[in-house]
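The values are calculated or read from the model by the stated rules, or taken from the named source; none is laboratory data. Computed from a predicted structure; not experimentally measured. Virtual Cβ from ideal backbone geometry, glycine too; neighbours counted across all protein chains shown. Calculation scope for accessible area: heavy atoms of the full protein, side chains included, ligands and nucleic acids excluded. Shrake-Rupley method; radii C 1.70, N 1.55, O 1.52, S 1.80 Å.
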Amino acid sequence: MVKPTLQAAAFGKDFHWGVAISAAQNEGAVSEGGRSASIWDVYSRRKGVIKKAAKPMPACDFYHRYRDDLLLVKALGFTAFRFSISWSRILPDGSGKANPAGIVFYQQLIEECHALGLTPFVTLYHWDLPQVLQAEGGWESPLINRWFRHFAKVCAKNFGTVKHWIVLNEPAGFTTLGHLLGIHAPGRRSMDGFLKAVHHAAIAQADGARVLRQYIPDAKIGTSFSCSEIIPYSDAPLDIAAARRIDLFVNRLFVEPLLGKGFPEDDKGIVQKMNRLNKSWKYASQMQFDMDFIGLQNYFPLVVKHASLIPVIQAAEVKPAQRKVPVTAMGWEINADSFQHIIRRFWKYGAIKEIMITENGAAFKDSLQQGRVNDQDRINYYHQYLDALFSAKREGVKLGGYFAWTLMDNFEWAEGYEARFGLVHVDLKTQLRTVKESGFWWRDFLKT
Ligand code: NOJ
């Protein structure tokens, strides 16, 4: 086994080392405790949209097994635990009255974290909108901002012992995959709908933070972004321009309004097209909030070239398979340098106080043999990415924490249960947990 060469202690004693999960991917118990359906429960009933017709039920049954799972987090040596709140569990009607059983569930989960000395990092929204709100237009309706403020308020008032919050998980992810490409819930494929969802999500990320600040003044508040270094395929000016356009959508779309810069505008061509489709790019001040930290989630870089036939964006990815680079089981390029580059790039905005890596990890084709999962690929992955993280720290980036994605194999959205990202293997029939070699590697690393 590759031994950790880096020392966890080199990141400083206040650095948060955590694992991250989300409600829809782990909890299961979708019709227990007064919970109503989420868009993922409903979307997963459609034919052919999720590998092997998998459903987010029972997932890892975290709802019933959270105490044991937290013991595992502790035993692996982590000091922080990131999870999200299921909106449909807290507010089965989407808005209106809170569900006492839902509140109690999260209060107990939070208490258990505190009792074990694990700092809870709570994500308000990790992609599982209540279906009742989807029926009213969901993220494409301007009412979402009112509904979201109410949800944030109920959470803030009931979970005030939590001092670390993440408002939205990867807004570029859920708007693009769910509203433009139609490959995630709610399965919408509409440019107009996508732009509306983007606009409302940009307001929600700041609104949510304002509500949290009001009710929990001493909380550290952030929000998380997916990010990828965008590498032009060649030095040709057309490829460089194509990379700039993709960068706008992948990296800049949500952070810039938050920093008070409004939606990114320097590529006039695209912005004009976007404006024609959506006349409502306004409320710049409502999209701004001075976050305590920004969460970055990185999985791969993107290599991009000019493609005149692709509408609006006129750019296409040059897939890793064509470039013959190392990939994970998701086909995502493994490139730790690009992790360092994208962290540096966000830090260069100059207006971000602190960066937390709120997700990073990899799926591989694991196999359980004689009670062991020998996942050397994942160990090598973490090894390289943590080295890159340390290089970013040495360059002067203020880094507050790192969360591995994810604790255990879980419901990986449209990939169903095929993609295994966990440090802990889950037998889906028996729910038996087996710590993978990478889990032990983390334990050794965190001991240092
Ligand atoms: C980002 C998402 O936040 C998470 O839910 C997902 O499982 C990982 N990426 C891996 O795809």
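Using 1/(1 + (r/R0)^6) with R0 = 41 angstrom and r between the beta carbons of GLN376 and ILE313, what's the FRET efficiency to the nearest 0.05?
Working from the Cβ atoms, E equals 0.60.
Beyond 42 Å, what percent of the Cα pairs of the chain remain?
9 percent
Under a GNM of the chain (C-alpha, springs under 10 Å), which listed residue has the highest mean-square fluctuation: SER308, SER95, SER22?
Maximum fluctuation in the GNM of the chain, among the listed residues, is at SER308.
Using +1 at the C-beta of Lys and Arg and -1 at the C-beta of Asp and Glu, which of GLY361, PHE148, ALA414 has the Cα lying farthest in the positive direction of the dipole of the chain?
Highest projection toward the positive end goes to PHE148.
What percent antiparallel are the DSSP beta bridges of region 356-448, to the nearest 5?
So the antiparallel bridges amount to about 60 percent of the total.
Quickly work out the LYS97-to-ARG146 label distance, labels modelled 7 Å from Cα along the C-beta direction, and quote it in nm with one decimal.
It works out to 2.0 nm between the two label points.
Hey, any idea what % of the chain's accessible area is carbon plus sulfur with a 1.4 Å probe?
Its accessible area is 53 percent carbon and sulfur atoms.
Please compute the modelled spin-label separation between PHE390 and ASP290, points set 7 Å along Cα→Cβ, answer in nm with one decimal.
3.5 nm
Sorted by accessible area with a 1.4 angstrom probe, largest first, how do ILE310, ILE50 fall?
ILE310, ILE50
Charges on Cβ only, +1 for Lys and Arg, -1 for Asp and Glu, centred on the Cα centroid of region 284-376; of GLN322, LEU302, ALA351, which one is farthest towards the dipole's positive end?
Selected residue: GLN322.
Taking 7 Å along the Cα-to-C-beta vector as the label spot, tell me the SER31-ILE183 distance in nanometres, rounded to one decimal.
Taking the two extended label points, one gets 3.1 nm.
Compute the signed sum of charges (Lys and Arg +1, Asp and Glu -1) over the other residues within less than 15 Å, Cβ to Cβ, of ARG67.
So the environment of ARG67 carries a net charge of -3.
For the chain, give me the percentage of DSSP beta bridges that are antiparallel, rounded to the nearest 5 percent.
20 percent
Once you've got the Cα coordinates, tell me which of LYS97/LYS196; LYS398/LYS447; LYS153/LYS393; LYS51/LYS74 are over 25 Å apart.
Over 25 Å apart, Cα to Cα: LYS97/LYS196; LYS153/LYS393; LYS51/LYS74.
Under a Cβ-only charge scheme (Lys and Arg +1, Asp and Glu -1), can you give me the dipole magnitude of region 8-447 about the Cα centre, in debye to the nearest 20?
It comes to approximately 600 debye.
In Å², and per residue, what accessible area does the chain have when probed at 1.4 Å with the other protein chains present?
39 Å²
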